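Novice: Quick one: this structure, given as structure tokens, is what I'll be asking you about.
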Amino acid sequence: MARPEKIRLGDMLVQQQLVTPEQLKLALEEQKRSGRKLGRVLVDSAYVTEEGISQGLARQLGADYFDLKTFKPHPELIRLLPEAQARRNRALVLSERAGMLVVGMADPTDLGAFDDLSRILKREIDLAVVTESQLLSTIDRVYSRAAEITGLAKELTADMGDIAADFGNILGLTAGAEDAPVVRLLNTVFEEALKMRASDIHIEPQEKSLVIRFRIDGVLHVQTEADAKISTALVLRLKLMSGLDISEKRLPQDGRFNIKLRSTAIDIRISSMPTQHGESVVMRLLAQNTGLLQLDRLFMPRPVLERFRRAISRPSGIVLVTGPTGSGKTTTLYAALNELNTPEKKIITVEDPVEYRLPGLNQVQVHEKIDLSFSRVLRSALRQDPDIILLGEMRDQETAEIGMRAAMTGHLVLSTLHTNDALSTPIRLLDMGVPRYMVAMSIQMVLAQRLVRVNCENCVVPHAPLPHEHLWLKAELGDGVDGIAYRRGQGCTHCANTGYQGRQAVYELLDMNNALVEAVNRGDPNEFMQIGREQMAGNTLRRDAVRLVVAGRTTIEEAMRISTQLDE
């Protein structure tokens, strides 16, 4: 394709009747006032979509338009253009055609960018048009920094092997700390983890290597393997960042620190533990700017949502959300608080750590080292005249009893508990030593949940159930098992070839009705379980996972995985 000519965007959009002359005039006035690009002003003003502008440009230039939501770029072709140049020129090598490289650009009329691309690629270019938002999102996905992480790890290994090396410089303790090998390695690891939507980073020393893994959508993926000798430097640097005792290597330690990546503030919780080959470190990443979800957007089944809303609207009692670590319990509770948060209500949260910031709440961070425990803060909170209390977790008998007394004396208490399902939650509290009358009188409702991975919509295809999958589904769906269009993701660049992108919760809900309360008071666990099963028949976590399978949101394999966890 010949070097493109400059196009007046506004005139082109009016000519193609994508915007009216009046809309263009208003947009030009706003552009002059704000200094923003005309295209951005038009999109933000809802005069035209970003896709509409790109498709209009493609028609004007006689070029192809690529929808990067569905297009799968070739990794080898992508690497022909380094990431820095791809971001600067807003371009991506998409394919090869008739000896030319097809390059998608957000602004194909940018002559300077075209000349830069021609110089870098040293090939004839056939321009295509893509939207800027899709292009930047694709760049984030396809330019993996695994190779860069491995390279930095090797550089650090070489520095560690140099007898004359300054250990303070390696750890970033001297001037110019940002250039220290371990600092650059960790920054790259954090950036890649954020880009890949990782919730946790695992740094694990083995006998002959150091393994770094990311947990993405609940599943661990190996990111890189490095020389075991750099383990000490990484752990020491992380301990310094989180204020832990660098001289103590025999005992587990917990801490936290904050970093800022790509204008995103990240809270990082760190846990170190001595193992046979060194200290293992796990870090939980919590983005501070994560928007709070509304209850309507948690994809709860409508009957569950209505019953949950009724429970949190009561003036007193306890509503418990249960499930294993990382099952979205705090997200659900904060969605509830977001709905309950009004100027007429005093809300206090007691957490470790405070994962979300919500204006209007009084949020307290537990600090065990100075004896600021859950129970101590909770006692003080009750003297602050609250209407609603969020207790991060009922960790022990004392905390549970204080929370239940609060619920019995006119407060609404929201809390979490680590149990396998809703039905076992009251029994778990009794096992902790909480008196039967407290459990019976205070609990209003128990909501149990799990997170299942959802199909990547960019590569989802029909799926014929395997024999064992068909057998499992038949037990859940009966004769209706064969009339359903099952789906699964086959893997693409959008989902790191996993077939899944994102997660969604499945739920089950137990109402503490009179029959269950009487069973608790009689101290008969078997009777309680029997009554509870009858109440929850057909509305269990397993059945909710099957609902998502039937809707094509997740795979049979994923529903079976959740089912296996429940049976353990």
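The values are calculated or read from the model by the stated rules, or taken from the named source; none is laboratory data. These figures come from a predicted structure and were not determined experimentally. Using ideal geometry, Cβ is built from the backbone for each residue, glycine included, and neighbour counts are taken over all protein chains shown. Calculation scope for accessible area: heavy atoms of the full protein, side chains included, ligands and nucleic acids excluded. Shrake-Rupley method; radii C 1.70, N 1.55, O 1.52, S 1.80 Å.
Novice: Using alpha carbon centroids, what distance separates the stretch 63-101 and the stretch 123-139, in Å?
Specialist: The stretch 63-101 and the stretch 123-139 have Cα centres spaced 6 Å from each other.
Novice: If you fit an axis through the alpha-carbon atoms of helix 329-340 and take the longest principal axis of the Cα set of the chain, what angle between them do you get, 0 to 90°, nearest 10?
Specialist: Result, in degrees: 90.
Novice: Over all directions, the average projected area of the alpha-carbon convex hull for the stretch 463-568 comes to how many nm²?
Specialist: 8.3 nm²
Novice: Still on this model: Return the calculated 222 nm mean residue ellipticity for the chain, to the nearest 500 deg cm²/dmol, obtained by summing -39500 (n - 2.57) across DSSP H runs with n ≥ 4 and dividing by the residue count. Display every interim value, and only then the final one.
Specialist: Values: 23 runs with 233 residues, N = 568.
Dividing the helical sum by the residues of the chain leaves -12000 deg cm²/dmol.
Novice: Filter the cross-link list K37/K195; K32/K69; K260/K329; K154/K260; K329/K369; K32/K72 down to pairs whose alpha-carbon distance in this structure exceeds 30 Å.
Specialist: K32/K69; K32/K72
Novice: Leaving out same-chain residues fewer than 8 places away, which aspartates and glutamates sit with a Cα under 17 Å from that of K208?
Specialist: Partners found: E225, D227, E279.
Novice: Please list 339-347, 465-473 highest first by mean number of surrounding beta-carbon atoms within 10 Å per residue.
Specialist: Details: 339-347: 13.2, 465-473: 14.8.
Packing order, densest peptide first, comes out as 465-473, 339-347.
Novice: Classify the stretch 336-484 as rounded, prolate or oblate from the Cα gyration tensor: take a ≥ b ≥ c as the square roots of its eigenvalues, call it rounded if a/c is under 1.5, otherwise prolate when a/b beats b/c and oblate if not.
Specialist: Judged from the Cα gyration tensor, the stretch 336-484 comes out prolate (a/c at least 1.5, a/b above b/c).
Novice: About its Cα centre, how strong a charge dipole does the chain have in debye, to the nearest 20, once Lys and Arg get +1 and Asp and Glu get -1 at the Cβ? Walk me through the numbers on the way to the answer.
Specialist: Details: 70 positive and 74 negative charges, 158 e Å.
The calculated dipole for the chain is roughly 760 debye.
Novice: How large is ³J(HN,Hα) for each residue in the stretch 85-92, as worked out from phi by the Karplus curve 6.51 cos²θ - 1.76 cosθ + 1.60 (θ = phi - 60°), to whole Hz, x for Gly and Pro?
Specialist: Residue by residue, the stretch 85-92 yields 6, 5, 6, 5, 8, 6, 9, 8 Hz.
Novice: Now, a different point. Taking the full set of protein chains and a 1.4 angstrom probe, give the accessible area of M445 in square angstrom, rounded to the nearest 10.
Specialist: Near enough 0 Å² of accessible area.
Novice: List the aspartates and glutamates whose alpha-carbon lies under 15 Å from that of K346, not counting same-chain residues fewer than 8 positions away?
Specialist: Reachable aspartates and glutamates: D385, D387.
Novice: Under the rule a/c < 1.5 gives rounded, and otherwise a/b versus b/c splits prolate from oblate, where does the stretch 387-463 land using the Cα gyration tensor?
Specialist: Taking the square roots of the gyration eigenvalues as a ≥ b ≥ c, the stretch 387-463 is prolate.
Novice: So what's the Cα pair-distance distribution over the stretch 2-137, bin width 5 Å, in %?
Specialist: Over the stretch 2-137, the share of Cα pairs per 5 Å bin runs 2, 10, 20, 22, 18, 13, 8, 4, 1, 0 percent.
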